[in-house]
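Beneath this line is the structure, given in structure tokens, with notes to follow.
The values are calculated or read from the model by the stated rules, or taken from the named source; none is laboratory data. The shown structure was predicted, so the numbers you read here are calculated from the model rather than taken from an experiment. Every residue, glycine among them, receives a Cβ derived from its backbone with ideal geometry; neighbour counts consider all protein chains shown.
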Amino acid sequence: MWLALLVDRWLGEPPARWHPVVWMGAYLGWIGRHIAPQRTQAGRGPDITRFVLGALAWSVGAIVIAVLAWWLQQGLLAWHAMAAVALLGLLLKPLLAWRMLRDEVQAVEAALQTSLESGRTQLARLVSRDVSALDEHQVRESAIESLAENLNDSVVAPLFWFGLLGLPGAALYRYANTADAMWGYRGLRAGRDWTWAGKWAARADDVLSWLPARLTALLLALVRGGLSWRALWAQAPRTPSPNSGWPMAAMALALDVRLGKPGFYVLHEAGRAPQTADTARAVQLGERVVLLLALLLAAALLFVGENRA
């Protein structure tokens with residue numbers, strides 16, 4: 001775990017041709033074209049056939065990835081301990097991505113200092129929402145929201161599942177999260193209707209993210225100090241997702257800023273509009289969460305190891 005985090009900090013992401021999450025996306029993109037109906041083929045009512053096809057396609061990918069990760073882990077653990085640590089750390093690294101997330105959010109703030117249009121263009125690399133009508137504060141809100149949500153998806157959740165199930169747990173989570181990002185839409189995306197074809201993927205990600213999302217909120221509360229749990233409990237359910245509202249609401253309360261998606265939800269409405277310094281503060285809080293999580297997970301694994309011995 002520590003090696004994976006150090007490699008992430010020093011080197012960032014591996015080339016796309018060697019990136020397992022890119023491979024996952026390639027499979028999901030290919031099979032998705034065969035299970036999701038095009039706009040003209042989409043029906044109005046429940047489509048059980050598309051739901052079953054989506055569930056089967058997701059499950060085949062999940063089984064292959066989990067079995068492969070387990071096989072690699074078992075093979076490496078049979079080697080010399082130091083070699084196993086080094087190679088497992090390198091295999092874990094692509095399954096988490098804190099440096100890339102941090103850099104992308106900071107790039108949005110840097111682009112905003114040039115012009116609003118530059119900020120919108122940079123933000124479009126980070127989020128799937130329409131950014132064309134966002135003002136400066138809304139661009140910053142979206143970047144900070146993305147940092148909070150992906151702090152869970154890209155760091156906390158993969159490490160949480162790695163701590164429980166090893167490399168197969170981290171790999172399975174990243175696959176589920178990638179599938180949700182590509183398939184988990186209620187309606188049309190890229191000319192295809194994912195309402196039923198992507199429903200299994202969306203629900204699977206909800207299940208696997210449920211505990212890590214709340215853990216992310218707890219960690220943000222701990223590194224910030226003095227966060228009101230009553231306020232967090234009231235704000236988190238305001239988003240359509242059962243999970244993303246927790247880290248986003250915790251970040252909004254920690255910074256005392258208003259975050260939201262225009263026309264959909266607002267978190268911590270009494271907060272002020274985020275300013276330039278708030279982006280840097282959000283990144284700093286994220287750094288502290290990653291460090292605290294690593295320390296807690298290392299302590300937990302050492303405790304379990306000692307009790308087994």
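Inside the range 82-135, can you point out the residues that are in contact (Cβ under 8 Å) with a residue 60 or more places away in the chain and among the β-branched types (Val, Ile, Thr)?
Across the range 82-135, the qualifying residues are 85, 105, 108.
Among the residues in the range 255-275, are any part of a helix (DSSP H, G or I), crowded, with 19+ Cβ neighbours inside 10 Å and touching a helix residue (DSSP H, G or I) at 6+ places or on another chain (Cβ under 7 Å)?
yes
Determine if the range 218-232 includes at least one residue that is touching a residue at least 12 places away in the same chain (Cβ under 8 Å), of a type in the set (S, T, N, Q) and part of a helix (DSSP H, G or I).
no
State yes or no: is residue 90 at pLDDT 95 or above, surrounded by 13 or more Cβ atoms within 10 Å (Cβ to Cβ), more than 22 Å from the chain's Cα centre (by Cα) and within 20 Å of residue 15 (Cβ to Cβ)?
No, not satisfied.
Criterion first (surrounded by 24 or more Cβ atoms within 10 Å (Cβ to Cβ), more than 15 Å from the chain's Cα centre (by Cα), of a type in the set (D, E, K, R) and within 28 Å of residue 235 (Cα to Cα)) does residue 140 satisfy it?
Details: surrounded by 24 or more Cβ atoms within 10 Å (Cβ to Cβ): yes; more than 15 Å from the chain's Cα centre (by Cα): yes; of a type in the set (D, E, K, R): yes; within 28 Å of residue 235 (Cα to Cα): yes.
Spelling it out, residue 140 is indeed surrounded by 24 or more Cβ atoms within 10 Å (Cβ to Cβ), more than 15 Å from the chain's Cα centre (by Cα), of a type in the set (D, E, K, R) and within 28 Å of residue 235 (Cα to Cα).
If we scan the range 94-111, do we find a residue that is within 19 Å of the chain's Cα centre (by Cα), among the β-branched types (Val, Ile, Thr) and either modelled with pLDDT under 95 or surrounded by 14 or more Cβ atoms within 10 Å (Cβ to Cβ) (or both)?
Among the residues of the range 94-111, at least one is within 19 Å of the chain's Cα centre (by Cα), among the β-branched types (Val, Ile, Thr) and either modelled with pLDDT under 95 or surrounded by 14 or more Cβ atoms within 10 Å (Cβ to Cβ) (or both), which makes the answer yes.
Answer with yes or no whether residue 303 is over 24 Å from the mean Cα position of the chain (by Cα) and either of a type outside the set (Gly, Ala, Ser) or at pLDDT below 95 (or both).
yes
When only residues in the range 274-295 that are free of Cβ contacts under 8 Å to residues at least 60 places away in the same chain and hydrophobic (A, V, I, L, M, F, W, C) count, which is farthest from residue 100 (Cα to Cα)?
The residue in question is 295.
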